[in-house]
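The block underneath contains the structure these notes are about, expressed in structure tokens.
Laboratory data are not the source of any read-out in this text; all were calculated from the coordinates shown. Bear in mind that the values here come from a model prediction, so they are computed numbers and not experimental data. When we count neighbours, we look across all protein chains shown, and the Cβ atoms used for this are built from the backbone with ideal geometry, even at glycine.
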Amino acid sequence: MSMTAPTFPKVEHLCGEKRVDALFQHGASFVCYPFRVLWMAVPLDKGQAEPSSLSAPVVPLEEATAVCMTPSVKVLISVSKRKIKHAVGRNRIKRLVREAYRLNKHVLVDGVSKDVCLHVALIWIPAEELSFSKVTQRMQQLLLRLQGELHPIDHNPS
């Protein structure tokens, strides 16, 4: 298993209204407090991911704008303005989440199949800020759970 560089460049950010809309319409979700996680596997270059090797929700082919060109994980981080009123607080929480993801992303990135691009949205649930150690601990749990949902066959030896 190769070790991924602990960076979070712009190409790993989930951008674009059409891609985000496709994620929110077709993605699967779970809660790993303090996050609500939406995720979806997107086929590379309009090809279908093999359903036998991947149990992730795969975007329909008619969603051509959501198709990726390179295998990767793209992440969106969201903090609600309704819950965190001040921009300073929202920005600090997003900074903590980005740093926690950057330090632990190797758990997920190294396990993603080469024939799909994984889109993930991390939505902050609580109305208060948590410590960096707690955010990092929960990020590790969430990435392990997401990896488990991507490859349930690997965790059940037969």
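Once amide H atoms are built 1.01 Å from N in the peptide plane, which residues 5 or more positions from residue 44, or in another chain, come under 5 Å H to H?
117
Quick one: what are the phi-derived ³J(HN,Hα) couplings along segment 12-22, Karplus 6.51/-1.76/1.60 with θ = phi - 60°, whole Hz, x for glycine and proline?
Ordered by residue, 3J(HN,Hα) equals 8, 8, 7, 10, x, 4, 5, 5, 5, 4, 4 Hz.
Strictly over 21 Å apart at the Cα level, which of 10/105; 10/85; 94/134; 74/114; 105/134; 10/74 would you flag in this model?
10/85
Which residue, 108, 89, 120, has the largest displacement toward the positive end of the dipole of segment 84-130 when charges sit on each Cβ (Lys, Arg +1; Asp, Glu -1)?
With unit charges placed on the Cβ atoms, the residue in question is 89.
Can you bin segment 61-137 into rounded, prolate or oblate? Criterion: square roots of the alpha carbon gyration tensor eigenvalues sorted a ≥ b ≥ c, rounded for a/c under 1.5, prolate for a/b above b/c, oblate for the rest.
oblate
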